[in-house]
Amino acid sequence: EFIDSYYFNQAEYIRFNSTVGKYVGYTEHGVKNAETWNKGSVLAQELGALERYCKPNAAIYYSNVL
């Protein structure tokens, strides 16, 4: 599971979660940004990073933990 969180003044306001597959906002400002980011190319970039970097390397990181 890949999680990319954004904080302001120690409060999380937006998060990308690979399980959900989109950005989720936790404040009024975060909800507005999440709606915008989910419609634009930002979501495509995040999903591309997930496919390009996270999934191929997950087995390597998991084996190092064990």
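The values are calculated or read from the model by the stated rules, or taken from the named source; none is laboratory data. Computed from a predicted structure; not experimentally measured. Glycine gets a Cβ as well: all are built from the backbone with ideal geometry, and neighbour counts include every protein chain shown. These accessible areas exclude ligands, DNA and RNA; they are computed on the full protein's heavy atoms, side chains included. Shrake-Rupley method; radii C 1.70, N 1.55, O 1.52, S 1.80 Å.
A residue that is assigned to a helix (DSSP H, G or I) and either under 14 Å from the mean Cα position of the chain (by Cα) or closer than 22 Å to residue 6 by Cβ (or both) occurs nowhere in the stretch 56-63. Being among the charged types (D, E, K, R), part of a loop (DSSP other than H, G, I, E, B) and either under 16 Å from the mean Cα position of the chain (by Cα) or on the phi > 0 side of the Ramachandran plot (or both) is a property that residue 1 has. Taken over the stretch 1-21, the criterion of being modelled with pLDDT under 95, open to solvent by 80 Å² or more (accessible area, probe 1.4 Å) and out of contact with any Ser or Thr (no Cβ under 9 Å at 6 or more places or on another chain) is satisfied by 9, 10, 19, 20. Taking residue 48 as the residue in question, decide whether it is open to solvent by less than 100 Å² (accessible area, probe 1.4 Å), modelled with pLDDT of 95 or more, over 9 Å from the mean Cα position of the chain (by Cα) and at negative phi. Criteria not met by residue 48. Taking every residue in the stretch 18-41 that is free of Cβ contacts under 8 Å to residues at least 12 places away in the same chain and pairing it with any residue that is open to solvent by 60 Å² or more (accessible area, probe 1.4 Å), at least 6 positions away or on another chain, the pairs with Cβ-Cβ distances below 7 Å are 24/15. Evaluating residue 42 against the criteria (1) open to solvent by 70 Å² or more (accessible area, probe 1.4 Å); (2) closer than 21 Å to residue 7 by Cβ leaves one unmet condition, (1). Scanning the stretch 22-39 for residues that are open to solvent by less than 100 Å² (accessible area, probe 1.4 Å) and in a helix (DSSP H, G or I) yields 30, 31, 33, 34, 36, 37, 38. Of the conditions (1) modelled with pLDDT under 90; (2) open to solvent by less than 80 Å² (accessible area, probe 1.4 Å), residue 61 clears all except one; give me its number. Answer for residue 61: the failing condition is (2).
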